[in-house]
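Written out below as structure tokens is the structure these notes cover.
The values are calculated or read from the model by the stated rules, or taken from the named source; none is laboratory data. This structure is a prediction, so every number in the text was calculated from the model and none was measured. In this analysis, Cβ positions are derived from the backbone assuming ideal geometry, glycine residues included, and neighbour counts consider all displayed protein chains. What goes into the accessible areas is simple: the full protein's heavy atoms, side chains included, and nothing from ligands, DNA or RNA. Shrake-Rupley method; radii C 1.70, N 1.55, O 1.52, S 1.80 Å.
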Amino acid sequence: MKIKVTLDKIPGSMMLFPLLLGAILNTLFPGTPTFFGSFTGALWQGALPILAVFFFCMGATLSFKSTPHILKKGGALLIAKIAVAAIVGIIVAKFIGNGMILGGLSVLAIVAAMNDTNGGMYMALMGQFGKAEDAGAYSIMSLESGPFLTMVSLGIAGLSGFPWQTMVGAILPMVLGMVVGNLDKDCREFFGKAAPVLIPFFAFGLGAGLDFKKVATAGITGILLGVAVVVITGSVLFLVDRLTGGNGIAGLAAATTAGNAAGVPAAVAAANPAYKAVAGPATIMVAASIIVSAILCPVIVSWYANRLKKKEKLKLQEQSGMNSIPTNDI
């Protein structure tokens, strides 16, 4: 039936379609994981364990020689995205403070949506259009996950220390994969082949945590927030990627909102009651941004990657033409 061939023609299809399928099923049949339980329930709610295996398999494909590149690329993208979220949050706070506008848009919603990258989408896009070294950069970028850096961006006080356990836990699977892959090239080949296969499975798990009914209540404001995440953070991350020696694809692929970001507003409100009134609407806004950015980002990355390919092809043709000129004609 040529299903795989057809899907490959659509940007980020192995991530996008399972994610949308999970969201549709969760919207229409939210009780499915509880009803069936067992392996079906685990698949429905098991994105994180599959992602952990995915990071291990991706790590197995990386050489220790690429470690400085991973640290530089991941660190640059991480700092850039957090900085953009903080700056936009500060600007908007000048006008609305801790309040809401346009049916639920708040500083909390904006910062939570911009702060956290959809790692599954990033890895899927880098697997299709980018480099393994750039894909490995997400082991550093994943430190965005959770409410900690959103709290920092919002200036919440009372958080005494940095959760170093989160840092170690974020990079440990990939580091272990790198160790195994560098010790044995057969292991590198064995585990490396498994990485692409895992993409649709963790994508489904991420999508199964979304509810289109809640997203629909966000209306045009939620859609605009998702567009803003792609456009604003994408522009800055694109420049940072280019400045750190990349071609821009990694930066554009990071311009999304992570699925787990929907849980950040509630966590922030629990830490600071000042955000309690806006946490509910912010959760809906962030959920809308997750879906909108998950749809827009692959389209933009695919367009840009194809543009680079055309330029590279044209350059090779020009070089080939120059080399074919007879010496006596020069």
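Would you please give the FRET efficiency between Phe212 and Leu172, computed as 1/(1 + (r/R0)^6) with r the Cβ-Cβ distance and R0 = 35 Å, to the nearest 0.05? Spell out each step's value before the answer.
Values: r = 35 Å, r/R0 = 0.99.
That gives a FRET efficiency of 0.50.
Could the peptides 280-290, 231-241, 108-118 be put in order, highest first, of the mean number of other beta-carbon atoms found within 10 Å of their residues?
108-118, 280-290, 231-241
Going from most exposed to least, what order do Ile249, Ile101, Ile91, Ile79 have by accessible area with a 1.4 Å probe?
Ile79, Ile91, Ile101, Ile249
Assuming 0.36 nm per residue, please report the length gained on full extension of the stretch Ala194 to Phe39 beyond their Cα-Cα distance.
53.8 nm
Provide the gained length on full extension for the span Ile220 to Leu243, in nm with one decimal, where the gain is 0.36 nm per separating residue minus the Cα-Cα distance.
Separation in residues times 0.36 nm, less the Cα-Cα distance, equals 4.9 nm.
Taking amide H positions as placed in the peptide plane 1.01 Å from N, state which residues far from Leu105 in sequence (5 or more) or on other chains have amide H under 5 Å from it.
Distant-sequence amide H within range of Leu105: zero hits.
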